[in-house]
1. Which of the following residues is in a loop (DSSP other than H, G, I, E, B), in contact with a strand residue (DSSP E or B) (Cβ under 9 Å, 6 or more places away or on another chain) and of a type outside the set (Val, Ile, Thr): 213, 179?
2. In region 363-385, which residues are within 18 Å of residue 26 (Cβ to Cβ) and of a type in the set (Asp, Glu)?
3. When region 31-75 is examined, which residues are found to be surrounded by 14 or more Cβ atoms within 10 Å (Cβ to Cβ) and polar (S, T, N, Q)?
4. For the condition buried (at least 19 other Cβ atoms within 10 Å of the Cβ), closer than 30 Å to residue 242 by Cα and at pLDDT 95 or above, what is the one hit in 99, 143, 148, 135?
5. Sort through 126, 130, 80, 157 and tell me the only one that's crowded, with 18+ Cβ neighbours inside 10 Å and either of a type in the set (S, T, N, Q) or in contact with a His (Cβ under 6 Å, 6 or more places away or on another chain) (or both).
6. Being under 21 Å from residue 420 (Cβ atoms), crowded, with 19+ Cβ neighbours inside 10 Å and hydrophobic (A, V, I, L, M, F, W, C) is the requirement here; does residue 460 meet it?
7. Every residue in region 497-516 that is assigned to a helix (DSSP H, G or I) and of a type outside the set (Phe, Trp, Tyr), please.
8. For region 390-431, how many residues are of a type in the set (Gly, Ala, Ser), closer than 30 Å to residue 367 by Cα and touching a residue at least 12 places away in the same chain (Cβ under 8 Å)?
Amino acid sequence: MIRSVLVSFRFAALLLIAMVSNSSARDLSEMELDGFVKAAMDTFNVPGIAVGIVKDNEIKLLKGYGVREIGKSATVDGDTMYAIASNSKAFTASALAILVDDGVLHWDDKVIDYLPDFRMMDPWITADFTIRDLLTHRSGMGLGAGDLMFWPTTERTRAEIIHNVRYLKMVTGFRSAYAYDNTLYVVAGEVIAAASGMSYEQFVQTRIMNQLAIGNGCRADITTITDKDNVATPHTSVNGKLQVASRLNEPGQPMVIAAAGGIQCSARDMLKWMNAHLHNGAGLMSKTQHDEMWSPQTIQPVSMSDHNWFGTNFAAYGLGFRLKDYYGYKQVSHTGGLLGMVTYEVMIPEKSLGVVVLTNQENGYAMRAIMENIMQVYLDQEDVDWTERYAQIEQREIEKAASEVAKDEAEADAKALLPLSDYVGLYRDPWFGDVRISIKDGDLYFTAMRSRKLKGPLSAFKFNTFKAIWEDRSFKADAYAMFSTDFEGRVNGLKMKAISPLTDFSYDFHDLDFTKVEE
């Protein structure tokens, strides 16, 4: 009897604690949001940010800060369109979910049934490769494999990208490991086109954007955007100075990687998009297909910081979304990064909460600091100054990278092993194409024939290794270029790798293997 009373008392106490904890959760005030965003903008040198919060089917906050472009007066607001980059992947997965509901295709259909020219390096993998595999980053190819076909410029067609997948090397077993991928989402976009009879852009516009009434502030086809539209400009910081960054596509040209990262959206319309997903894909797809999108498909490793900070014990990739446990809740999220822009969307289904942060500077710490500061209010967590925490992390990473680069520099002798004329010629990689090595102003000069912005002088580093110093400094991706020789000492090839460990993984120089060709 006494034990029963004690158990009842303890239960009542726990229930009271839970009720108090629940009641302490509150909405974020506009003043608090202003403080979070201003601190991040000042700390990480971001010119313009848009933030939106939707909760319980209602927009709680929607606000823009700063300017669309440095040196100009146009300000950011909730309707300013940003390149949402890889947040586009959820649109692609949703488009496929709609086609599954239509009975046009199935998640586990073979890709070659829709795109007969599709090939992986291994014939067996090609035969078994499914639509689901296109979306789940488990192909066996390496991190960002093939990204240099469209990063930092998009001068190839989608058909060429699909054809060149066959040359990308496998680095792990098929379906055995997670490695983030963009190239196969381009393939997924063409599966949508083949199955629906519409271009990727037309399908997404018709079946998603028009359906959700977000066709004005979200564009799958960026050629519809004009100079009169409310659009943010990308920026990057070079040697501490903010400057406008290059765009992947030329003005007025379609984004060849639309399905992987080419959609532009405003914060207002991203809130409508997230709210539909917070209601099981209402208005777009069946709950069955939405559950499939939000179910783990590929296991991801959990970082020590996520475990320590958020109590994360599992992480996985679904279909177009990342999934993990976060402060005891299921978190559904994705990030996006292009040259000069990074974006972040997070949903907590149990709280009917969605938050989007759009920035026009490629510093990812700003958007993360804002997001975590917002989330800890809504989830009633420890009061951490996330701006300060991420500033310290950034500084440590910069110092560590600088130390590694300095160590390599200390071993340099700044002399080429052979006469410069021996390195001159045409070099070919099977998926990237040709580069020309010439002599310009007394130095070797690198020119990529199918990625025209990727050009610059090669300065002697040591032996047969040079440093490629790209003319467009916004890339922040200088690379080592190491020439190889045959048994007679004649130059016959070229391999590359990024100099700094902070270089974006989409500069997958390490995947290149050039052979010198006769002209």
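The values are calculated or read from the model by the stated rules, or taken from the named source; none is laboratory data. A quick note: this is a predicted structure, and the numbers were derived from the prediction, not measured. Cβ placement follows ideal geometry from the backbone for every residue including glycine, while neighbour counts extend to all protein chains displayed.
1. Answer to the check: 179.
2. Selection gives 372, 380, 382, 383.
3. Selection gives 43, 45.
4. Unique residue meeting the criteria: 148.
5. Going through 126, 130, 80, 157 in turn, the sole match is 80.
6. When the stated conditions are applied, residue 460 does not pass them.
7. 510, 511
8. 2
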